[in-house]
Amino acid sequence: MKRFAPALLSASLLFANALAAQGPQRPHIVGVSHIAIYAHDYEKSRAFYGQFLGFQEPYSLQNADGTPSMTFFKINDRQVIELFPERQPGTDRLNHISLETDDIEALRVYLASKGVKVPSQPHRARIGNLSFDITDPEGHTVEMVQYMPDGKTMLAKGKFMSDNAISNRMTHVGIVVTHLDPEYKFYTEILGFKETWRGSKSGTVLSWVNLKVPDGDDYIEFMLYKDAPGPTERGGAHHLCLQVPDVAAAVAKLKAKPYYSQYGRPIEIHLGTNRKRQANLFDPDGTRTELMEPGTIDGKPTPPSTAPPPQ
């Protein structure tokens, strides 16, 4: 036994040194927390997400002068849509996207070790959660958030849910990407996302890449462009996707609502390139909400595209 002790000690030291060389480990990133959107006409957009999509507002925030600062539309106990009054007309409607982690400080330290610019510490948001913002290579603001036991998110658990809501799960958010390689490396090599599918509208040029969070089932959809659309034309790309079991039934439910008479757009059901039934809705500023069934029409996976990205 004595002969083996030095060897065991040496092996333990090597293992410890190897762990130290790896640096801080990434904590869990468990899902998409929310998408935050600007509204030109705040009350009209509130009506779209509240009256039409049927989501309740568990809490809202005001500025010091009493004007609206933002409101939250609850999809489920861990996901919301955040709505902000616009800061400047004619600009991008996307404020930010947000990812949930189970250890905000460990994530901050980990990202710093990878060269990502982070603040000196997480901050406590007005609704009581801990968070900080980073910027991805494409310039999108990505908020990292940890839900705290005494924050409004967890205090509202099990509340503010309604059968009137069109969905109870946001499967993904979509963002414009014009330089696939650095964006892909950031989300996969640093954040740990895994590619699940890629598709092409034309069959000759890649249109979408789907990357799933490392510790959950939600994903981010890269909407690929050679050149980014103009700021006021990104609503179809910067989008959220709500899962529904039956798109036709969901559309019928929407058409039966009083709000539908003022919606003013056709709602068309179509089969996506991914072979899932879908329908698109647009808020007053043109930001798209995609309704999509969870499975393909025959239950079989759709093969990924091999087309190159836009050049």
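The values are calculated or read from the model by the stated rules, or taken from the named source; none is laboratory data. Everything numeric here is computed off the predicted structure, so don't read it as measured data. Note that each Cβ is placed from the backbone with ideal geometry, even for glycine, and that neighbours are counted across all protein chains shown. The accessibility values were calculated without ligands, DNA or RNA, using every heavy atom of the protein model including side chains. Shrake-Rupley method; radii C 1.70, N 1.55, O 1.52, S 1.80 Å.
Taking the conditions (1) closer than 19 Å to Thr287 by Cα; (2) part of a loop (DSSP other than H, G, I, E, B); (3) charged (D, E, K, R) in turn, Lys257 satisfies each one other than (1). The residues of the range 121-150 that are surrounded by 14 or more Cβ atoms within 10 Å (Cβ to Cβ), in a loop (DSSP other than H, G, I, E, B) and under 17 Å from the mean Cα position of the chain (by Cα), listed by number, are Asp136, Pro137, Glu138, His140, Tyr147. Kindly check whether there is at least one residue in the range 230-237 that is buried (at least 17 other Cβ atoms within 10 Å of the Cβ), closer than 20 Å to Ser167 by Cβ and not small (Gly, Ala, Ser). Scanning the range 230-237, I find no residue that is buried (at least 17 other Cβ atoms within 10 Å of the Cβ), closer than 20 Å to Ser167 by Cβ and not small (Gly, Ala, Ser), so the answer is no.
Just wondering, is there one or more residues in the range 209-218 that are among the small types (Gly, Ala, Ser), under 22 Å from Ala279 (Cβ atoms) and open to solvent by less than 30 Å² (accessible area, probe 1.4 Å)? Can you show your working first?
From the range 209-218, those among the small types (Gly, Ala, Ser) are 216; that's our starting set.
Those still in the list that are under 22 Å from Ala279 (Cβ atoms) too: none.
Checking the range 209-218: not a single residue is among the small types (Gly, Ala, Ser), under 22 Å from Ala279 (Cβ atoms) and open to solvent by less than 30 Å² (accessible area, probe 1.4 Å).
Quick one: how many residues across the range 238-276 are out of contact with any helix residue (DSSP H, G or I) (no Cβ under 7 Å at 6 or more places or on another chain), open to solvent by 50 Å² or more (accessible area, probe 1.4 Å) and of a type in the set (Val, Ile, Thr)? Total meeting the criteria: 1. Checking the stated criteria, Arg198 turns out to be at pLDDT 95 or above, surrounded by 16 or more Cβ atoms within 10 Å (Cβ to Cβ), farther than 21 Å from Ser98 by Cβ and within 18 Å of the chain's Cα centre (by Cα). Inclusion of Ser167 among residues that are at pLDDT below 95 and open to solvent by less than 70 Å² (accessible area, probe 1.4 Å) is not warranted.
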